[in-house]
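Visitor: Please find one structure pasted underneath; my questions will follow.
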Amino acid sequence: MSNTKINSGRYFEDFKLNEVIQHATPRTITQGDSALYIALTGARNPLHCSAPFAHSLGYHTTPVDDLLAFHIAFGKTVPDISVNAVANLGYADVRFIQPVFAGDTLSTSSQVIGLKQNSSGKNGVVWVRSTAINQHQTPVISWVRWVMVHKHDVSAPAPETVVPELPAFVAADQLQVAEGLRLHHEISTATGGQYFWEDYQVGERINHAAGMTINDSDHSLATRLYQNNARLHFDAYMMASSPMKQRLVYGGVVISACRALSFEGLENALQILAINGGTHANPCFAGDTIYTYTEVLERLALPTHPQFGALRLRMVGLKNITPAEVAQANTENGYHPNVVLDLDYTVLIPRRGK
């Protein structure tokens, strides 16, 4: 007798345009989650680890790290969207709408907004728009991502191709800044940073010096923390017969590593307001050492919060090569082979003397 009780996840032919999927397993985030996130990433933003500093900026307590909240909300979608993925391909229009605090419970739903079968007929790309809400039914994070998913039945007919139009970046008037946020002049004592919004110039490049080696235990534990059960991150036996011959590191692990490594030079970048777009340019594996550099793309004024500004940044993640050795992330033939991440994102940063 065959076992019909096991949910093996959706394959490409199972997705229907415009359907809304309510994802299982709501997650109450705890202070333990935040502590473990720091242990796994080395993240040092004092807003997320110092209650007095958070109080001084107007928060009632430390908000959860933006990326920890995002990865947990993202993890809810994996059993329905990408458990049978070939690879997660990219992100766009990621909006951090409300801060998340320990004790908040996140639930996530997704709408299928695009489908395109690949020419091989063996897989296809699915675009979804996902929204995470807290226990008060208030949206806290929304995002679009696209993922390449295996077909289970290669003879299944291809759906009508629909590729959604996505914004190039989240406009300044769409950026959400926490209510009651205030600035004080002792901020540099907590962050160690001496540079503010006015000190960054469009076109400037910051080569962050530190590197971080991702071990098997690091990426396995981090991905389990997010309850992301995609097989390509965990099943070494299955991945041994894949073209890559080994497990892939979850892309969110790379994003968090790069964000932590970029702290030097961006110490006063208090929080992430948006992720405008992102590409996992090449795979990352256990044993790879991650480095990163940042390019300043744009400075954005925030009329509703004149003490603060926004910086639109390009964060480029590298494996096994330092930023000084890479002049450009892009080559004539695509990405440099050591580029593992190309992320366009927007951060909140205080203005000088405001």
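The values are calculated or read from the model by the stated rules, or taken from the named source; none is laboratory data. All values derive from a computational prediction rather than experimental measurement. Here the Cβ positions follow ideal geometry from the backbone for every residue, glycine too, while neighbour counts run over all protein chains shown. The area values use the complete protein model at the heavy-atom level, side chains included, leaving out ligands, DNA and RNA. Shrake-Rupley method; radii C 1.70, N 1.55, O 1.52, S 1.80 Å.
Visitor: On the given criteria, is Phe96 in contact with a Pro (Cβ under 7 Å, 6 or more places away or on another chain) and either open to solvent by 10 Å² or more (accessible area, probe 1.4 Å) or modelled with pLDDT under 95 (or both)?
Guide: Details: in contact with a Pro (Cβ under 7 Å, 6 or more places away or on another chain): no; either open to solvent by 10 Å² or more (accessible area, probe 1.4 Å) or modelled with pLDDT under 95 (or both): yes.
When the stated conditions are applied, Phe96 does not pass them.
Visitor: Quick check on my filter: what residues within the stretch 313-329 are part of a strand (DSSP E or B) and surrounded by fewer than 22 Cβ atoms within 10 Å (Cβ to Cβ)?
Guide: Residues of the stretch 313-329 part of a strand (DSSP E or B): 313-319.
Answer for the stretch 313-329, where residues must be part of a strand (DSSP E or B) and surrounded by fewer than 22 Cβ atoms within 10 Å (Cβ to Cβ): just Arg314.
Visitor: Can you spot a residue in the stretch 321-340 that is under 15 Å from the mean Cα position of the chain (by Cα) and modelled with pLDDT of 95 or more?
Guide: To start, the set of residues in the stretch 321-340 that are under 15 Å from the mean Cα position of the chain (by Cα) comprises 340.
Filter once more, so that each one left must be modelled with pLDDT of 95 or more: 340.
Checking the stretch 321-340: at least one residue is under 15 Å from the mean Cα position of the chain (by Cα) and modelled with pLDDT of 95 or more.
Visitor: Name the single residue, out of those in the stretch 66-81 being over 19 Å from Pro350 (Cβ atoms) and of a type outside the set (A, V, I, L, M, F, W, C), that is most open to solvent (accessible area, probe 1.4 Å). Write out each step before concluding.
Guide: Here is the first cut: in the stretch 66-81, the ones over 19 Å from Pro350 (Cβ atoms) are 67-81.
If we keep only those that are of a type outside the set (A, V, I, L, M, F, W, C) as well, we get 71, 75-77, 79-80.
Values: His71: 0, Gly75: 1, Lys76: 10, Thr77: 0, Pro79: 49, Asp80: 33 Å².
So the residue we want is Pro79.
Visitor: Suppose the filter is crowded, with 16+ Cβ neighbours inside 10 Å and over 16 Å from the mean Cα position of the chain (by Cα); does Tyr250 pass it?
Guide: no
Visitor: If His136 satisfies every condition in (1) at negative phi; (2) part of a strand (DSSP E or B) but one, which is the exception?
Guide: Of everything listed in (1) at negative phi; (2) part of a strand (DSSP E or B), His136 misses just condition (2).
Visitor: Give the residue, chosen from Gly252, Gly192, that is touching a residue at least 24 places away in the same chain (Cβ under 8 Å) and more than 21 Å from Asp288 (Cα to Cα).
Guide: Working: Gly252 fails: more than 21 Å from Asp288 (Cα to Cα).
Gly192 is the lone residue from the list that is touching a residue at least 24 places away in the same chain (Cβ under 8 Å) and more than 21 Å from Asp288 (Cα to Cα).
Visitor: So, one more: For the stretch 121-130, state whether one or more residues are free of Cβ contacts under 8 Å to residues at least 60 places away in the same chain, under 23 Å from Gly75 (Cβ atoms) and open to solvent by 60 Å² or more (accessible area, probe 1.4 Å).
Guide: Yes, the stretch 121-130 contains a residue that is free of Cβ contacts under 8 Å to residues at least 60 places away in the same chain, under 23 Å from Gly75 (Cβ atoms) and open to solvent by 60 Å² or more (accessible area, probe 1.4 Å).
Visitor: Still on this structure, I have one more. Do we find a residue being in contact (Cβ under 8 Å) with a residue 12 or more places away in the chain, closer than 24 Å to Tyr291 by Cα, open to solvent by less than 80 Å² (accessible area, probe 1.4 Å) and out of contact with any helix residue (DSSP H, G or I) (no Cβ under 8 Å at 6 or more places or on another chain) anywhere in the stretch 207-215?
Guide: Yes.
Visitor: Can you work out which of the residues in the stretch 224-246 that are in contact (Cβ under 8 Å) with a residue 24 or more places away in the chain, part of a loop (DSSP other than H, G, I, E, B) and open to solvent by 40 Å² or more (accessible area, probe 1.4 Å) is farthest from Leu36 (Cα to Cα)?
Guide: Here is the first cut: in the stretch 224-246, the ones in contact (Cβ under 8 Å) with a residue 24 or more places away in the chain are 225-232, 244, 246.
With part of a loop (DSSP other than H, G, I, E, B) added as a condition, the list becomes 226-230, 244, 246.
Adding the requirement that they be open to solvent by 40 Å² or more (accessible area, probe 1.4 Å) leaves 227, 229, 244, 246.
Details: Gln227: 14, Asn229: 18, Met244: 29, Gln246: 26 Å.
Across the stretch 224-246, the extreme among qualifying residues is Met244.
Visitor: A further question on this structure: Which residue out of Asn45, Asn118, Asn84, Asn88 is surrounded by fewer than 20 Cβ atoms within 10 Å (Cβ to Cβ) and touching a strand residue (DSSP E or B) at 6+ places or on another chain (Cβ under 9 Å)? I'd like the intermediate steps shown before the answer.
Guide: Working: Asn45 fails: surrounded by fewer than 20 Cβ atoms within 10 Å (Cβ to Cβ); Asn84 fails: surrounded by fewer than 20 Cβ atoms within 10 Å (Cβ to Cβ); Asn88 fails: surrounded by fewer than 20 Cβ atoms within 10 Å (Cβ to Cβ).
After ruling out the rest, the residue left standing is Asn118.
Residues are listed down the side, and each one gets a yes or a no for (1) at pLDDT below 95; (2) in contact with a Leu (Cβ under 7 Å, 6 or more places away or on another chain); (3) in a helix (DSSP H, G or I):
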| site | (1), (2), (3) |
| --- | --- |
| Lys16 | no, no, no |
| Ile21 | no, no, no |
| Asp33 | no, yes, yes |
| Ile38 | no, no, yes |
| Ala43 | no, no, no |
| His60 | yes, no, no |
| Leu68 | no, no, yes |
| Ile72 | no, yes, yes |
| Val78 | yes, no, yes |
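Visitor: Looking at the stretch 264-277, is at least one residue under 23 Å from Asn88 (Cα atoms), buried (at least 19 other Cβ atoms within 10 Å of the Cβ) and at pLDDT below 95? It would help to see each step written out before you state the result.
Guide: Filtering the stretch 264-277 for residues under 23 Å from Asn88 (Cα atoms) gives 272-277.
Filter again for buried (at least 19 other Cβ atoms within 10 Å of the Cβ), leaving 272-277.
Okay, now just the ones that are also at pLDDT below 95, so 277.
Yes, because at least one residue in the stretch 264-277 is under 23 Å from Asn88 (Cα atoms), buried (at least 19 other Cβ atoms within 10 Å of the Cβ) and at pLDDT below 95.
Visitor: Could you identify the single residue in Val78, Val94, Val100 that is within 27 Å of Val154 (Cβ to Cβ), touching a residue at least 60 places away in the same chain (Cβ under 8 Å) and hydrophobic (A, V, I, L, M, F, W, C)? So that I can check it myself, show each step before the final result.
Guide: Values: Val94 fails: within 27 Å of Val154 (Cβ to Cβ); Val100 fails: within 27 Å of Val154 (Cβ to Cβ).
Matching residue, one of Val78, Val94, Val100: Val78.
Visitor: Another one. Which one is surrounded by the fewest Cβ atoms within 10 Å (Cβ to Cβ), of the residues in the stretch 152-197 that are under 26 Å from the mean Cα position of the chain (by Cα) and closer than 25 Å to Leu232 by Cβ?
Guide: Here the residue is Val163.
Visitor: Leu221 is checked against (1) open to solvent by less than 30 Å² (accessible area, probe 1.4 Å); (2) assigned to a helix (DSSP H, G or I) and fails just one. What number does that condition carry?
Guide: In the conditions (1) open to solvent by less than 30 Å² (accessible area, probe 1.4 Å); (2) assigned to a helix (DSSP H, G or I), Leu221 misses (1) alone.
Visitor: Within the set of pairs 6 or more residues apart or between chains, which connect a residue that is over 16 Å from Lys122 (Cβ atoms) inside the stretch 147-167 to a residue that is charged (D, E, K, R) and open to solvent by less than 40 Å² (accessible area, probe 1.4 Å) with Cβ atoms less than 9 Å apart?
Guide: Between residues of the stretch 147-167 that are over 16 Å from Lys122 (Cβ atoms) and residues that are charged (D, E, K, R) and open to solvent by less than 40 Å² (accessible area, probe 1.4 Å), the close pairs are Leu166/Asp93; Pro167/Asp93.
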